[in-house]
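Notes follow once the structure below has been shown.
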Amino acid sequence: MKNTPFTQKHIELGAKMAEFAGYNMPISYSGINEEHHNVRSNAGVFDVSHMGEFMLKGEGALDLIQRVTSNDASKLTVGKAQYSCLPNEQGGIVDDLLVYCIEENKVYMLVVNASNIEKDWNWISKHNTGNVEMHNISDKTGLLAVQGPKAVQYIQELTDMDIANLKYYTFAKGTFAGVENVIVSATGYTGAGGVEIYFEDKDDNAEKIWNEIFRVGTPQGLKPIGLAARDTLRLEMGYCLYGNDIDDTTSPLEAGLGWITKFTKDFTAREILEKQKAEGVSRKLVGLEMVDKGIPRHGYKIQNAAGEEIGYITSGTQAPSLGKAIGIAYIRKDHAAEGSDVFVMIRDKAVKAHVVKIPFA
Amino acid sequence: MQFPEALKYTKDHEWIKVEGNVATVGITDFAQRELGDIVFVDISAKGQSLGANEIFGSVEAVKTVSDLYLPVSGTITEVNPGLESNPEEVNSDPYGNGWMIKMTIDNMAEVNDLMDAAAYQELVG
């Protein structure tokens, strides 16, 4: 099991630890509900250093990214980031990722899921026919997500970069907490606002950044947050989690990721996906809210009133901010409209739910 | 963590308090800590006669669900009505207000096979 630059910190702070994607990660500190509410109403810090980072450099970098990703990276200018995915040859998803434009047409950073680092690296390398310079900097890059409505206000004093005015999906590069060469990005996986902070894991950078963030934040209620609350926060927003809601067998169009699938350029499986779009998909990823009591969980089957199987749950939880049980599910198209009644099979009981809009409210 | 002396314990982290041939059952302090915030206790086995180690319900935490196993054979006579609206009492008071069921015991000999507080503490220690 690998450690992040902060693993020892989490253990010292008494976090409940577990393996996630091969890393020893904090699952929770004071309790999921409390951590969740702290992020929604105030601010919290997530260690997400397990995420993977690749640098792509050179004249052909943009062309390579355009060919392997579904979104249109030619729209990116310096300081902008983009959510995208890597389609496979069958129109499934190798991974979802963020593309950062460090230098237009020349230098890009791709941020990928920890569980897919090797798979993505091999996939992109295979398509790298133009000898683009590629660096896997995952092991020497630290990443903290400081999320919540108060996050930016607390940490602004640690840098000269104007992070308080960073627009969503833009980033700045500079000195943060005395550490040089830090990227502060107005992105995140919580829907609560805030930033993600990338830095080189060398010398005492990690220690400095962690300590400074908590020095300014702790008096105002900033707390460390585990992966469990990260999951409930993202689920309330309806953000996809690779391996749960999307994978090699699900298409971006089924997953509601049509908005990052741009047919204005050529990319892997473009023809398959274009055909899918024209003909319509047979199932859709939708939000479910439980009407009767029960909590949907990954893998539970879904039936219609006639008892026919029409889909399955990909993620589910009791939503701490909403006070109700919610889930995300693939459902046959004829039952996927908002308001449709469906039945989640929970321990052999059919428990009523209906299809709702995402993000959940 | 608490391990009350008066209770018996199972390897599945239930406790049982025996009074005559009647017993109260819940989950241990260790179990509630492992599960985290409990949001729903689902027991529909009232009136049913079940064998030892049979599933009598489930407990849902925010992130996970866990089956509940009957410590000894018997009949479930009551389900804690307070858990319907306050399931979090399983977290805050697992041996008190967070109790789950009351039951009658078929065979008192089965109680003797369960762990005492010291043995259980050693198991989870």
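In the stretch A:246-253, the condition of being in the same structural domain as residue A:355 (by TED's automatic domain parsing), touching a residue at least 24 places away in the same chain (Cβ under 8 Å), assigned to a strand (DSSP E or B) and surrounded by 15 or more Cβ atoms within 10 Å (Cβ to Cβ) is met by no residue. Residue check: residue A:277 meets all listed conditions (1) more than 13 Å from every other protein chain (Cβ to nearest Cβ); (2) surrounded by 14 or more Cβ atoms within 10 Å (Cβ to Cβ); (3) touching a residue at least 40 places away in the same chain (Cβ under 8 Å); (4) not in a strand (DSSP E or B) but one, namely (3). Residue pairs whose Cβ atoms lie under 7 Å apart, separated by 6 or more positions or on different chains, with the first residue in the stretch A:298-325 and of a type in the set (Lys, Arg) and the second loosely packed, with under 13 Cβ neighbours inside 10 Å and not in a loop (DSSP other than H, G, I, E, B), are A:301/A:309.
Only a single item in (1) buried (at least 21 other Cβ atoms within 10 Å of the Cβ); (2) away from chain A (no Cβ under 14 Å); (3) not aliphatic (A, V, I, L, M) is not met by residue B:87, and it is number (2).
Among the residues of the stretch A:321-350, those identified as out of contact with any Pro (no Cβ under 8 Å at 6 or more places or on another chain) and either of a type in the set (A, V, I, L, M, F, W, C) or in the same structural domain as residue A:42 (by TED's automatic domain parsing) (or both) are A:322, A:328, A:331, A:336, A:337, A:342, A:343, A:345, A:350. Say we look at the stretch B:46-64 and pick out the residues that are surrounded by fewer than 19 Cβ atoms within 10 Å (Cβ to Cβ) and under 16 Å from residue A:293 (Cβ atoms); which of these is farthest from the other protein chains (Cβ to nearest Cβ)? Looking at residues that are surrounded by fewer than 19 Cβ atoms within 10 Å (Cβ to Cβ) and under 16 Å from residue A:293 (Cβ atoms), I get B:46. Taking the stretch A:306-361 as the region of interest, the strands (runs of 3 or more DSSP E) fully inside it that hold 3 or more residues being farther than 21 Å from residue B:58 by Cα are A:309-319, A:324-332, A:349-356.
You will find that of A:272, A:313, A:302, the residue that is more than 15 Å from residue A:341 (Cα to Cα) and among the aliphatic types (A, V, I, L, M) is A:272 and no other. Go over the candidates B:23, B:52 one by one and state the one that is in a strand (DSSP E or B) and farther than 30 Å from residue A:32 by Cα. None of the other options fit; the residue is B:23.
Filter the stretch A:316-332 down to the residues that are hydrophobic (A, V, I, L, M, F, W, C), out of contact with any helix residue (DSSP H, G or I) (no Cβ under 6 Å at 6 or more places or on another chain) and either surrounded by 18 or more Cβ atoms within 10 Å (Cβ to Cβ) or more than 14 Å from chain B (Cβ to nearest Cβ) (or both) and list them by number. Answer for the stretch A:316-332, where residues must be hydrophobic (A, V, I, L, M, F, W, C), out of contact with any helix residue (DSSP H, G or I) (no Cβ under 6 Å at 6 or more places or on another chain) and either surrounded by 18 or more Cβ atoms within 10 Å (Cβ to Cβ) or more than 14 Å from chain B (Cβ to nearest Cβ) (or both): A:325, A:326, A:328, A:329, A:331. The listed residues are B:123, B:114, B:50, and the only one of them that is in contact with a Gly (Cβ under 8 Å, 6 or more places away or on another chain) and touching a residue at least 12 places away in the same chain (Cβ under 8 Å) turns out to be B:50. Restricted to the stretch A:43-75, and to residues that are of a type in the set (Lys, Arg) and in contact (Cβ under 8 Å) with a residue 40 or more places away in the chain, which residue is surrounded by the fewest Cβ atoms within 10 Å (Cβ to Cβ)? Filtering the stretch A:43-75 for residues that are of a type in the set (Lys, Arg) and in contact (Cβ under 8 Å) with a residue 40 or more places away in the chain, the one surrounded by the fewest Cβ atoms within 10 Å (Cβ to Cβ) comes out as A:57. For residue A:313, the requirement of being buried (at least 17 other Cβ atoms within 10 Å of the Cβ), within 14 Å of chain B (Cβ to nearest Cβ) and farther than 25 Å from residue B:88 by Cα is met.
The values are calculated or read from the model by the stated rules, or taken from the named source; none is laboratory data. The structure displayed is predicted, hence computed values, not measured ones. Backbone-built Cβ (ideal geometry, glycine too); neighbour counts: all protein chains shown.
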